[in-house]
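S.K.: Take a look at the following structure, please.
The values are calculated or read from the model by the stated rules, or taken from the named source; none is laboratory data. What you are looking at is a predicted structure, and each value in this text was computed from that prediction instead of being measured. Positions of Cβ are generated from backbone atoms using ideal geometry, with glycine treated the same way; all protein chains shown enter the neighbour counts. Keep in mind that these areas ignore ligands, DNA and RNA; they rest on the heavy atoms of the full protein, side chains included. Shrake-Rupley method; radii C 1.70, N 1.55, O 1.52, S 1.80 Å.
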Amino acid sequence: MNNSLKKLTVLRGLEKNELFFQFANAAESGDKSKLCYEIYKEHAENNLTAYLCHIILLDENAFSITCARGNEPSSYLFKAFKEDLGTIFSAVKNFDGDEYFCAGSPSYPFDSKGDEAISAESLKKFYKTHGYGQFIEYKAFGYADGELVPIANTPSITLSDLKDYEYEKKVIGDNIVNFIHGLPYSNMLLCGDRGTGKSSTVHAMLNKYYEEGLRIIELNKETLLSVPEIRRKVANNPLKFIVFIDDLSLGESDDKISSLKAALEGSVSGGTGNVMIVATSNLRHIVKESFSERENAVHPSDSKAEQLSLSDRFGLTVMFSTTDKALYLSIINQLADDMKIKADRKELASLAERWALVKGGRSPRRARQFIDLVYSCEVRGISVEF
């Protein structure tokens, strides 16, 4: 094999990957010693082809970005990409053989026999619907120093894990489906007491609709002003992004209020882009009020209207009601059934009520914590104590 792997054009960025770099060296020199070390280091010994296909798939290059933006690559770009694939595939077959070429999975849209033309066409369609680079591999992102930062470990919670609050989940779900399908949608404000499942519902929606192109970008108060920048960064991306602001609360004089209002402008009439803003708050009107600031305002009614206008900019407000005794015990029993708790249900209800009293109130979060404790105690064969 000659050194053509070191003369890639569109996929030349693969050389930054150490295993690929050593693969190219081995293809040129025939010395596989350093390559073998990298193969074992990356746990690619069972299928080098799968590993190489994976890094090709995730490479951010002119071809993947062009296709993801919904544009047709030029004939020159398509030809150059196809030739790069052919060069890599030829080298791969010399190492791994061609009996299995990493096909048959949506994650690896390559031809089973390593045909570069078929694979290039398949990848063109894949990028158009799945995005490119890090957006293929990760569901969630943070934002720091002007860049999206992948979040590797996201909650694995599902909607079936969240008991009751069916109306709230339906309203949120319907709005997200509209968003994904390019229909008019609204930015959302989820309000309610702590532990009622507001944030968990958002993460469960992400897990449900990830395969349909939904992603999440999590912001905190320090990065709240970055919404316009984020919109610009993802404007040409085929995926749909929830900009998620958890536990949002602002002071009356906070300069972020006007910026957030501007970011939400137009949400009442329904959005049609690829960014939805979703915030959770324990406060219905988000802005913390103080009597001193209200009394010192020249026009108190105008000041009050200004504060309320922020929450009103969210086209959809969903209230997660306080968890009363009946709802709390309903959640307890459903979770207990899921976990196959053996304890008598009346005894369990009594313990659950005492748990809520000790912990400061009823909520789905308290119910989950209690059932986790009971389950652990049953597995260990000890009594429940707290």
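S.K.: Please enumerate the residues belonging to segment 346-385 that are assigned to a helix (DSSP H, G or I), under 18 Å from ASP164 (Cα atoms), in contact with a helix residue (DSSP H, G or I) (Cβ under 7 Å, 6 or more places away or on another chain) and among the charged types (D, E, K, R).
M.R.: Those that are assigned to a helix (DSSP H, G or I), under 18 Å from ASP164 (Cα atoms), in contact with a helix residue (DSSP H, G or I) (Cβ under 7 Å, 6 or more places away or on another chain) and among the charged types (D, E, K, R): ARG366, ARG368.
S.K.: Now for a different question. For ALA24, are the conditions met, namely being more than 28 Å from the chain's Cα centre (by Cα) and part of a helix (DSSP H, G or I)?
M.R.: The answer is yes for ALA24.
S.K.: Anything in segment 154-189 that is surrounded by fewer than 21 Cβ atoms within 10 Å (Cβ to Cβ), in a helix (DSSP H, G or I) and of a type outside the set (Asp, Glu)? List them, or say none.
M.R.: Matches in segment 154-189: LEU159, SER160, TYR167, LYS169, LYS170, VAL171, GLY173, VAL177, ASN178, ILE180.
S.K.: Which members of segment 333-365 meet the condition of being among the small types (Gly, Ala, Ser), within 17 Å of SER376 (Cβ to Cβ) and either open to solvent by 60 Å² or more (accessible area, probe 1.4 Å) or under 32 Å from the mean Cα position of the chain (by Cα) (or both)?
M.R.: Selection gives ALA336 alone.
S.K.: Sticking with this one: May I ask you to verify whether HIS181 is closer than 17 Å to LEU316 by Cβ and either out of contact with any Gly (no Cβ under 6 Å at 6 or more places or on another chain) or free of Cβ contacts under 8 Å to residues at least 12 places away in the same chain (or both)?
M.R.: When the stated conditions are applied, HIS181 passes them.
S.K.: Then there is this: Quick check on segment 32-40. Is at least one of its residues open to solvent by less than 60 Å² (accessible area, probe 1.4 Å) and either in contact (Cβ under 8 Å) with a residue 40 or more places away in the chain or among the hydroxyl-bearing types (Ser, Thr, Tyr) (or both)?
M.R.: Taking every residue of segment 32-40 in turn, none turns out to be open to solvent by less than 60 Å² (accessible area, probe 1.4 Å) and either in contact (Cβ under 8 Å) with a residue 40 or more places away in the chain or among the hydroxyl-bearing types (Ser, Thr, Tyr) (or both).
S.K.: If the requirement is being open to solvent by less than 70 Å² (accessible area, probe 1.4 Å), at pLDDT 85 or above and under 18 Å from THR196 (Cα atoms), which of these qualifies: THR322, THR280?
M.R.: THR280
S.K.: Please identify the pairs in which a residue from segment 68-83 that is within 16 Å of ARG12 (Cβ to Cβ) has its Cβ atom under 6 Å from the Cβ atom of a residue that is assigned to a loop (DSSP other than H, G, I, E, B) and not hydrophobic (A, V, I, L, M, F, W, C), counting only partners at least 6 apart or on another chain.
M.R.: ALA80/THR9
Yes/no matrix, rows are residues, columns are (1) buried (at least 18 other Cβ atoms within 10 Å of the Cβ); (2) touching a residue at least 40 places away in the same chain (Cβ under 8 Å); (3) under 26 Å from GLU166 (Cα atoms):
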{"position": "LEU206", "(1), (2), (3)": "yes, yes, yes"}
{"position": "GLU218", "(1), (2), (3)": "yes, yes, yes"}
{"position": "LYS221", "(1), (2), (3)": "no, no, no"}
{"position": "LEU224", "(1), (2), (3)": "yes, no, no"}
{"position": "VAL227", "(1), (2), (3)": "yes, yes, no"}
{"position": "LYS233", "(1), (2), (3)": "no, yes, no"}
{"position": "LEU239", "(1), (2), (3)": "yes, yes, no"}
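S.K.: Would you pick out the residues in segment 41-86 that are closer than 13 Å to TYR127 by Cα, of a type outside the set (S, T, N, Q) and open to solvent by less than 70 Å² (accessible area, probe 1.4 Å)?
M.R.: Across segment 41-86, the qualifying residues are ILE56, LEU57, LEU58, ASP59, ALA62, PHE63, ILE65, CYS67, ALA68, GLY70, PRO73.
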